[in-house]
Each structure stands twice: as structure tokens, then as C-alpha cells.
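Worksheet for the structure shown next.
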Amino acid sequence: MQRRNFLKLFGATSLAPASVLAANSSRHPDDILVDAVSFENKGGWLVDPQFIEQMGSPYLLAHGMGQPVDNANTTITAKSDGNYNLWVRTKNWCPGSWEAPGRFQIKINGKLQSTVFGTEAGWTWQKGAVVALKKGTHTLELVDLTGFEGRCDAIYLTKDTSIQPPNDIKQLAVWRQHQHGLSSDVDNTHDFDLVIVGGGIAGCGAALAADELGLKVALIQNRPVLGGNASKEIRVHTIGIHGKVARLLKKIDTKRWHNNSPDAIKDDAKRHASLEAAKNVTLFMDYSVTDVAKDGKSISSVTARSNTSHQRIRVKGRQFIDSSGDGIVGFKAGASFRYGRESKDEFNEGWDKFGDLWSPEKEDNRVMGTTVMWRSTKGKKASKFPATPWAKDVAKTYAEKKSEWYWEYSDNDKHQIHDAEAIRDHMFRAVYGNFSNVKKNPANAQLALEWVAFIGGKRESRRIMGDHIYTMKDVTSLTNFPDTVAMEKRDIDMHYQKSLKGFIVDFISKALFMKLKGHYYIPFRSLYSKDIPNLMMAGRCFSCSHIGLGGPRVMLTCGQMGVATGYAAALCKKHNTSPRGIAKNHIKELRQLIGFE
Ligand SMILES: Cc1cc2nc3c(=O)[nH]c(=O)nc-3n(C[C@H](O)[C@H](O)[C@H](O)COP(=O)(O)OP(=O)(O)OC[C@H]3O[C@@H](n4cnc5c(N)ncnc54)[C@H](O)[C@@H]3O)c2cc1C
């Protein structure tokens with residue numbers, strides 16, 4: 001790393017404790033830092049990038065559903081002989097009066113090191129034994145002991161006994177760059193007409209539409225697959241209507257399989273092939289957008305980091321579409337957003353039939369929750385499932401042999417973005433604890449877990465505000481706007497945790513439906529930010545109230561929003577204007593492209 005850059009970065013962490021500063025400034029050339037996600041062979045460990053914002057990086061997860069996963073391995077090079085202190089950044093994800101569920105060990109040159117990792121609460125550097133290494137290459141392995149979600153972010157070997165690597169994630173990021181000898185700048189810059197962040201159905205719809213009109217498009221997706229909640233990693237089938245854009249949406253939608261079905265894999269392949277065939281679209285798969293740069297009020301670029309290496313790229317664009325579900329682009333750009341439920345009076349969204357479960361007297365932080373779906377199958381032989389004492393507090397005596405969409409968790413005190421790892425982990429306790437209970441019944445001796453999601457299926461988080469906030473009244477009045485660009489007829493469908501009405505566990509939800517008498521319509525003014533001139537939103541982070549989201553959140557409607565924004569981006573280029581300029585001066589042309597005129 002260039003010394004000047006390092007110093008500049010370091011200036012920003014002037015409050016760092018002396019020990020950390022010492023650790024940085026005294027980096028020894030023999031130090032070895034290995035990011036777990038860059039292991040040459042990951043064995044059965046999976047890359048988990050869902051919580052970069054909160055804990056600083058993607059990490060490796062031993063997602064074995066109770067069976068230890070195959071070892072991950074890589075090679076390291078020691079520059080000199082010596083005794084190296086071993087540090088591992090890891091987490092006991094469920095601390096308590098039981099053995100930590102996600103335990104693992106490290107093997108160096110085939111020799112198991114004595115320390116068991118994954119036993120200290122919170123993301124932290126856990127100290128291991130001292131390892132004698134000769135100059136040259138050595139093998140390093142992660143040995144999972146439990147199959148229950150052990151996690152490893154990084155391994156650090158240093159001869160310096162005075163160093164403790166930093167835990168604060170800002171300091172950690174600087175320290176890591178320094179250790180890897182990286183510059184503070186990005187590795188590559190790319191330039192596009194349109195940058196789309198998030199490859200769910202909304203983002204894919206936007207990319208296909210913009211491609212059709214010849215825009216140079218970047219689609220950045222933080223998973224190795226496209227489809228968001230519809231992908232094989234989450235397995236929700238697409239519903240809603242195709243509106244006027246069936247031709248495009250049929251390239252990316254799903255058949256109506258049972259939620260959690262492996263049939264999702266076939267639809268992933270179809271979707272991926274459709275995007276690969278879009279010649280103007282560049283796919284940045286497995287890249288997570290972490291930052292946004294602005295030029296005045298407008299966005300000039302986003303920065304994305306690879307989930308499997310240190311590489312960071314800058315992607316410049318003229319227009320941006322936030323289809324990340326979490327509204328990451330809008331949030332980072334400083335756009336106004338909402339999170340949680342409006343008071344029933346703010347937009348007159350109360351419904352006496354369901355009272356507070358529908359809409360509260362006073363605004364609050366309640367949102368629809370995150371789902372971790374799973375599947376079990378009956379094997380030929382009886383099988384055992386390990387004891388899960390750490391799951392009992394959550395699962396209690398609940399025992400269900402299969403899962404559905406209603407395996408859903410939210411809590412007013414837990415934020416769907418800031419607390420996303422805790423929420424996902426709560427669902428792991430629900431799933432495994434429940435299955436332990438199922439296996440106590442001799443009639444289920446042959447039942448085994450076939451699949452458990454590790455990517456949380458989110459329903460609701462930030463909603464970025466546009467020139468129009470879409471509310472329940474827009475739905476129930478069936479208003480067809482002069483700038484309608486998408487349509488739907490599905491019920492408003494809001495969820496609450498059954499525990500609010502005394503149910504035994506807190507991870508099962510119930511849906512409340514409001515039936516509608518016809519189609520309802522979404523105006524283009526709800527699909528661009530009121531604050532950021534070159535930012536549009538498509539999908540569940542569009543400009544709406546909590547109840548306003550309840551109908552159009554289904555994926556085909558999200559896909560329609562994507563298509564509308566993709567076409568709008570092309571018109572922005574053609575007329576050298578902004579999305580608001582399209583709403584004011586070119587809405588007829590946009591509606592003609594979609595098929596509304
Ligand atoms: C369990 C469950 C059941 C549901 N049932 C149905 C149903 O039956 N049918 C239906 O149509 N809808 C259903 N829904 C609702 C629907 O799935 C969502 O509203 C919909 O997926 C929203 O689409 P989207 O494209 O906006 O977001 P998402 O599907 O969430 O896609 C957003 C994508 O952006 C990516 N991303 C996020 N952050 C970044 C970043 N920083 N950098 C790069 N990429 C990023 C995510 O990985 C994701 O792939 C259900 C939802 C859940 C959770």
C-alpha cells in the first residue's frame with residue numbers, strides 16, 4: 001500500500017486506541033492475513049455476504065444442517081522461520097449456558113491446532129495457540145465440528161506477541177487494507193449509462209428493459225445467483241400479474257411451484273440465461289455495493305466489493321436504479337426514506353376490523369419479517385439429529401415437519417437491516433430447535449433435513465421517498481393515474497407475529513388480507529427519489545407507506561416497476577433529462593413504451 005494513502009486513511013481513525021495504532025504502525029513484513037472467503041477450496045463452507053454493513057466483510061459459514069461440512073483449505077507462505085501467534089476472527093453466534101453451536105478448529109500442515117474457535121460472543125478476534133512455521137508454503141484448513149453455522153472471517157498469524165488485531169469495524173477495514181498492502185482506492189473503474197443495484201425480479205426487469213433500448217447497463221448483484229427472493233437460495237415463487245410487460249417478465253419469473261421447492265433451480269437457470277443474452281448488460285455477480293459517491297446532489301458512482309476477494313470496483317453511471325430491497329443506494333446517497341409503520345391517521349390507513357395489527361395509533365418500527373425456509377424429506381433409513389440445547393428457548397416445544405412463508409420473524413426492537421444477522425440467527429434456532437422436536441417423535445425417525453436457507457428472505461426494510469408516496473388509499477380507490485406505469489390486483493396482504501396474540505413461539509406469522517374490487521395502479525412519481533435527481537427505485541424499496549407496500553410487493557409487480565424504470569432510464573438519456581423530467585415532460589412516451597397508451 002502506498003504510505004501516503006495509508007496515512008490519509010489513518011487520519012480518519014484518530015480516536016483509535018493506542019494499542020490498535022501500534023498494531024497498524026508496527027506491521028511486520030512476516031505477518032500473514034488470510035480472508036476466509038479467499039480460501040482456494042471452500043469445501044462445504046459457504047460465502048455469506050449479508051452482513052457486510054454490520055460486521056465489515058463477507059465470511060465463511062459452515063451451513064451443514066447439523067452435519068459437519070467438508071474442510072475448507074488454502075495455502076499460506078511464511079517469509080521466515082518462527083513462532084507465530086494464531087488469531088481467528090469469528091463469533092459464537094448463540095452464547096449461553098451450552099456449548100457454542102458453531103465450533104471449529106484450524107489445521108496447519110495437517111496438524112489440528114488445539115484451540116476450539118467460535119466460542120466467544122460477538123464478532124471478535126479469538127486467540128489460538130502459538131504455531132511454529134518454517135519459511136515456505138503451508139496448508140491451512142478450517143475443520144467444522146458441528147455443522148451448525150460456525151463462522152470464520154479471517155485468520156491472522158503474527159510473530160509479534162504485543163499485537164491484538166482491531167475489533168472496531170472501521171479500524172479493522174483500515175488495518176486489513178494495510179495488512180494486504182492494498183491502496184485505499186478502488187481497483188477498477190467502469191462506466192455505464194445505467195447502474196442497477198440488486199438483481200431480484202425488479203432489478204432483472206429493469207436490466208432487460210434498458211437493454212432492449214440499447215442502454216449500456218451494469219447490474220450489480222451481491223449473490224452468485226439472480227432473482228432475490230425467487231432464487232434457489234430463498235425459493236419463493238413469483239405471483240401478481242405481468243401487467244403490460246409479460247414479454248419481458250416471462251423471461252425472469254417462476255412457475256407456481258410450492259414455496260421452498262428445488263424447482264427454483266430451473267427458474268434460476270432460465271433467468272440467468274435471459275440476462276446473459278441481454279448484450280448491453282454487464283453482470284457484476286457476487287459484488288456488494290457498499291458506498292455511493294455524489295457530484296452535487298446526483299450520484300456519480302457506486303463502490304462494490306467482491307464477496308470472494310479484496311477487489312473493490314467503482315461503477316459510474318448517468319442514472320441509477322435502487323432495486324436492492326434495502327434501499328442501500330438511496331440510503332447511502334442521503335435520500336429521504338421511511339422504515340416501519342405510519343400512524344393510522346397519517347394517510348388514513350386504519351381498519352377497525354384488525355385494529356393495531358393493521359395500523360397503529362402512533363407510528364412505530366414494526367415491519368413484516370424475514371423468513372428462513374427449509375425442507376425435510378423421508379429417507380430410506382432412520383437418522384438421528386444432534387441435540388440443540390441452544391435452540392430450545394426459541395423453538396420451545398414447537399414441532400412442524402415442513403416450512404412455508406409464515407416461518408417469519410420480526411421484532412419491533414430488531415431492525416431488518418442493522419440486526420439482520422441476529423434475525424437470521426434467531427430463525428436458525430427456530431428451524432433447528434423445531435426439527436429436534438420433530439425428531440423426538442419415533443414416527444419421524446426417517447425424516448431428515450434436506451435444505452435450510454442461509455440467506456434471509458426479507459419482505460420489508462427501507463422505503464425510499466419519491467414525489468408520490470403510494471398509500472392504501474391509492475390501492476382501495478383503484479385510482480388510475482395520468483402517470484400509471486404498473487398495475488396489480490392482488491389483495492393487500494400484511495403480516496403480524498402470532499406471538500402478539502399469545503402464540504407459543506415468536507417465529508410464526510399470520511397474514512391479514514384486504515380484498516380489492518379491481519386493478520390498482522402505480523404512478524411513475526413513486527419510482528424516483530424526491531431528493532436525488534438521478535435515482536429511481538424499483539421493487540419493495542419504492543416510495544410507499546407500510547400498508548401501501550402490502551399489495552404491490554409481490555414480485556411480478558416489482559418486475560413491472562423494474563421495467564418502467566429501465567425504460568425511463570433510456571428516455572432520460574434520449575432527452576437528456578432526469579426521471580422527474582420524464583414525469584413532467586415525457587410521460588406519454590414512457591407509457592407508450594410500456595403499453596399503457
Ligand atoms: C418468505 C416470503 C414469501 C413471499 N411470498 C411471495 C409470493 O408468494 N410471491 C411473490 O411474488 N412475492 C412474495 N413475497 C414478496 C417478495 O418476495 C418481495 O417483495 C420481492 O422479492 C421484492 O422484490 P425485489 O426485487 O424488490 O427485492 P428482492 O427480491 O429482495 O431482491 C433484492 C436483491 O438485491 C440484492 N442486494 C441487496 N443489497 C445489495 C447490495 N448492497 N449490493 C448488491 N446487491 C444487493 C439482494 O441480494 C437481492 O438479490 C414473499 C417474500 C418472502 C420473504
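Worth a mention:
- Residue within the stretch 207-228 that is within 12 Å of the ligand (Cβ to nearest atom), in a helix (DSSP H, G or I) and either modelled with pLDDT under 95 or surrounded by 23 or more Cβ atoms within 10 Å (Cβ to Cβ) (or both) present: yes
- Residue list for the stretch 24-42, filter: within 17 Å of Thr139 (Cα to Cα) and either modelled with pLDDT under 85 or touching a strand residue (DSSP E or B) at 6+ places or on another chain (Cβ under 6 Å) (or both): Asp31, Ile32, Leu33, Val34, Asp35, Ala36, Val37, Phe39, Glu40, Asn41, Lys42
- Qualifying residue in the stretch 385-392 (condition: out of contact with any Gly (no Cβ under 7 Å at 6 or more places or on another chain) and either in the same structural domain as Cys94 (by the TED database) or within 14 Å of the ligand (Cβ to nearest atom) (or both)): no
- Selection from the stretch 497-551 of residues that are over 25 Å from Lys332 (Cβ atoms) and small (Gly, Ala, Ser): Ser499, Gly502, Ser509, Ala511, Gly518, Gly550, Gly551
- Residue within the stretch 579-594 that is in the same structural domain as Gln319 (by the TED database), more than 16 Å from the ligand (Cβ to nearest atom) and in a loop (DSSP other than H, G, I, E, B) present: yes
- Residues in the stretch 229-240 that are in contact (Cβ under 8 Å) with a residue 40 or more places away in the chain and away from the ligand (no atom under 11 Å from the Cβ): there are none.
- The number of residues in the stretch 294-334 that are away from the ligand (no atom under 15 Å from the Cβ) and at pLDDT 95 or above comes to 10.
- The stretch 164-183, subset of a type in the set (A, V, I, L, M) and more than 25 Å from Arg103 (Cβ to Cβ), residue modelled with the lowest pLDDT: Leu182
- Candidates Val292, Val315 - the one that is open to solvent by less than 10 Å² (accessible area, probe 1.4 Å) and either under 21 Å from Ala569 (Cα atoms) or within 16 Å of the chain's Cα centre (by Cα) (or both): Val315
- The residues in the stretch 164-175 that are open to solvent by 10 Å² or more (accessible area, probe 1.4 Å) and under 14 Å from Asp31 (Cβ atoms) can be counted, and the count is 1.
- Restricting attention to the stretch 488-524, the residues that are in a loop (DSSP other than H, G, I, E, B), open to solvent by 30 Å² or more (accessible area, probe 1.4 Å), farther than 27 Å from Asp411 by Cα and not hydrophobic (A, V, I, L, M, F, W, C) total 3.
- Sole exception among (1) closer than 21 Å to Val37 by Cα; (2) modelled with pLDDT under 95 for His258, by number: (1)
- Residue check for His495: assigned by the TED database to the domain that holds Gly243 and either in contact with a Phe, Trp or Tyr (Cβ under 9 Å, 6 or more places away or on another chain) or more than 25 Å from Gly559 (Cβ to Cβ) (or both): yes
- If the condition is being touching a Leu at 6+ places or on another chain (Cβ under 8 Å), within 16 Å of the ligand (Cβ to nearest atom) and open to solvent by less than 10 Å² (accessible area, probe 1.4 Å), then the stretch 438-465 contributes Glu460, Arg463, Ile464.
- Gly551 farther than 22 Å from Gln416 by Cα, within 13 Å of the ligand (Cβ to nearest atom) and open to solvent by less than 30 Å² (accessible area, probe 1.4 Å): no
- All conditions in (1) open to solvent by less than 20 Å² (accessible area, probe 1.4 Å); (2) assigned to a helix (DSSP H, G or I); (3) more than 10 Å from the ligand (Cβ to nearest atom) hold for Cys204, with the sole exception of (3).
- Among the residues listed as Asp187, Asp153, the single one being among the acidic types (Asp, Glu), more than 15 Å from the ligand (Cβ to nearest atom), touching a residue at least 12 places away in the same chain (Cβ under 8 Å) and open to solvent by 30 Å² or more (accessible area, probe 1.4 Å): Asp187
- Checked against the criterion of being within 15 Å of Ile201 (Cβ to Cβ), within 16 Å of the ligand (Cβ to nearest atom) and touching a helix residue (DSSP H, G or I) at 6+ places or on another chain (Cβ under 7 Å), the candidates Cys558, Cys544 yield just one match: Cys558.
The values are calculated or read from the model by the stated rules, or taken from the named source; none is laboratory data. As the structure is a prediction and not an experimental result, all values here were calculated from the model. As a convention, Cβ positions derive from the backbone with ideal geometry for all residues, glycine included, and neighbour counts pool all protein chains shown. For the accessible areas, the whole protein counts, side chains as well, though only heavy atoms, and no ligand, DNA or RNA atoms are used. Shrake-Rupley method; radii C 1.70, N 1.55, O 1.52, S 1.80 Å.
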